[in-house]
Amino acid sequence: LPVSPTIGTGERYDWMAERYGLTAQEQLTCGCHVHVSVESDEEGVAVLDRIRGWLPVLLALSANSPFWQAQDTQYASYRSRVWGRWPSAGPVGLHGSAERYHEQVKALVGTGVLKDAGMVYFDARLSDTYPTVEVRIADVCLDPADTVLLATLVRALVETAARQWRAGEPPLDTEVALLRVSSWQAARSGLDDRLIHPRTLRPEPAADVLQALLAHVREALEDSGDLKAAERALAALERRGNGARVQREILERTGSLRDTVAECVRITGG
């Protein structure tokens, strides 16, 4: 629905409004951040380096923002496109070590473009508050069951990456430009077209890429006892579609964005 956002009060928000102008004024968005505990910053950075290519798949799975200011954007996740306007948002290159990660954060803040480390908006980062890896790429899902699936897959991704690191398996050195294109494709079509496969870097049917993700984290899911639940939830998601598809189906049926919003509230609230 059309809205006119109001920026919150306080010195931090005043600074952001003055510094970023329309970008700050239009940030009426809600993302879903998933935290997974890690044993050290070194392990956390190793995880970040090894999950980069799979993050766009999580965006496609969670995509739930097809409308913006009462218009169909033709994107499954327009929120991610709005969020991407921040100077530090999006995918990043390999860090290599915790020391290099922290040096990069310090350098970004040192430019004066960011107010502090809290404004380092990488798709995934070390939390500034908790001993966790924080995966930040996803939309807020329409169906709570999809949120549970998202969290389950993120935890399994982190565990898989940590095991790869401990086994000495190097991360894929995918160029940032290719990661950015992969995220764009995920935001554009969600699960309704092709996604960029993280290993082949070629477009493949979204269902095949979802199954590739499941296969990638299968061992971690088995060890945590989550495999069967994840398989059921993923199958349900593929049948029903993500939030973007469901929202469009509701609008087509009702012809009203207000009715669409009301039904979405009902779905999310159970």
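A search for C-beta distances below 6 Å between a residue of segment 251-270 that is over 14 Å from residue 65 (Cα atoms) and any residue that is assigned to a helix (DSSP H, G or I), counting only pairs 6+ apart in sequence or on different chains, returns 263/250. Counting only residues that are surrounded by fewer than 13 Cβ atoms within 10 Å (Cβ to Cβ) and either among the aliphatic types (A, V, I, L, M) or in a helix (DSSP H, G or I) (or both), segment 233-261 holds 5 of them. Residues in segment 25-44 that are part of a helix (DSSP H, G or I) and within 20 Å of the chain's Cα centre (by Cα): 44 alone. Scoring residue 103 on the criteria (1) among the charged types (D, E, K, R); (2) closer than 30 Å to residue 231 by Cα; (3) part of a helix (DSSP H, G or I) leaves a single failure, condition (2).
In the set (1) closer than 19 Å to residue 86 by Cα; (2) part of a helix (DSSP H, G or I); (3) out of contact with any strand residue (DSSP E or B) (no Cβ under 6 Å at 6 or more places or on another chain), the condition left unmet by residue 128 is number (2).
All conditions in (1) at pLDDT 95 or above; (2) out of contact with any Lys or Arg (no Cβ under 7 Å at 6 or more places or on another chain) hold for residue 123, with the sole exception of (2). For first residues located in segment 133-162 and modelled with pLDDT of 95 or more and in a helix (DSSP H, G or I), partners that are surrounded by 24 or more Cβ atoms within 10 Å (Cβ to Cβ) and polar (S, T, N, Q) and lie 6+ apart or on another chain with Cβ distances below 6 Å form the pairs 150/62.
Number of residues in segment 56-74 that are of a type in the set (A, V, I, L, M, F, W, C), surrounded by fewer than 24 Cβ atoms within 10 Å (Cβ to Cβ) and touching a residue at least 40 places away in the same chain (Cβ under 8 Å) equals 2. Considered as a group, the residues in segment 89-108 that are surrounded by fewer than 17 Cβ atoms within 10 Å (Cβ to Cβ) and touching a residue at least 60 places away in the same chain (Cβ under 8 Å) include one that is farthest from the chain's Cα centre (by Cα), and that residue is 102. Would you confirm, using the coordinates I've provided, whether residue 47 is touching a residue at least 12 places away in the same chain (Cβ under 8 Å), crowded, with 17+ Cβ neighbours inside 10 Å, out of contact with any Phe, Trp or Tyr (no Cβ under 6 Å at 6 or more places or on another chain) and part of a strand (DSSP E or B)? No; evaluated as a whole, the condition is false for this residue.
The values are calculated or read from the model by the stated rules, or taken from the named source; none is laboratory data. All of these numbers come straight from a predicted model, not from anything done at the bench. Here the Cβ is made from the backbone with ideal geometry for all residues, glycine too, and neighbour counts use every protein chain on show.
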